[in-house]
């Protein structure tokens, strides 16, 4: 069972503020932890796969939602919301690589590659 601290870490790893429950509500974070646990039931074997899988699921959702983000300018302010798509794509690639390594048992023959602090 994931804790509120796990939700905060998930948000931070996905480039959000730890307290951003608007973009990533606790219920959605919990569901992603549960979904990852179905695929990788033991959080320690393979090394870190459940941890990385939760991030991949979350980033896939954020990536999909960013498709409709548009840039806008109002008065002297400009927001480049379309850049979110690129940023989430890069983070998704990063976590997919980490998931691949973890699912294979970690780097160097089963050495844990993730540490939750």
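Rule-based calculations on the coordinates, nothing more; no lab input. Small disclaimer: the values here were computed from a predicted structure and weren't measured. Please note: Cβ atoms are built from the backbone with ideal geometry, for glycine as well, and neighbour counts cover all protein chains shown.
Distance between the modelled labels on residue 20 and residue 44, one decimal in nanometres: 3.3 nm (7 Å Cα→Cβ projection). Once both axes come from the Cα atoms, what is the angle between helix 83-103 and the longest principal axis of the chain, in degrees from 0 to 90, rounded to 10? On a 0 to 90 degree scale, this one is about 0. With neighbour counts taken as other beta-carbon atoms within 10 Å, the residues 58, 3 rank, fewest first, as 3, 58. Adding -39500 (n - 2.57) for every DSSP H run of four residues or longer, then dividing by how many residues the chain holds, sets the calculated 222 nm ellipticity at -18500 deg cm²/dmol.
In degrees, nearest 10, range 0 to 90: what is the angle between the Cα axis of helix 4-13 and the longest Cα principal axis of the chain? Taking the Cα atoms of the chain, the angle to 4-13 is about 70 degrees. Taking only Cα atoms, what is the 0 to 90° angle, nearest 10, from helix 26-39's long axis to the longest principal axis of the chain? Tilt relative to the chain: about 40 degrees. Scattering from the chain was approximated by placing one identical point on each alpha carbon and applying the Debye formula without solvent; log10 I(q)/I(0) at 0.10, 0.17 1/Å stands at -0.33, -0.83.
Ranking of 71, 26 by neighbouring Cβ atoms within 10 Å, starting from the fewest: 71, 26. Here the gap between residue 96 and residue 34, fully extended at 0.36 nm per residue and compared with their Cα-Cα distance, gives a gain of 20.5 nm. Counting neighbouring beta carbons within 10 Å and listing from fewest to most, the residues 66, 82 come out as 82, 66.
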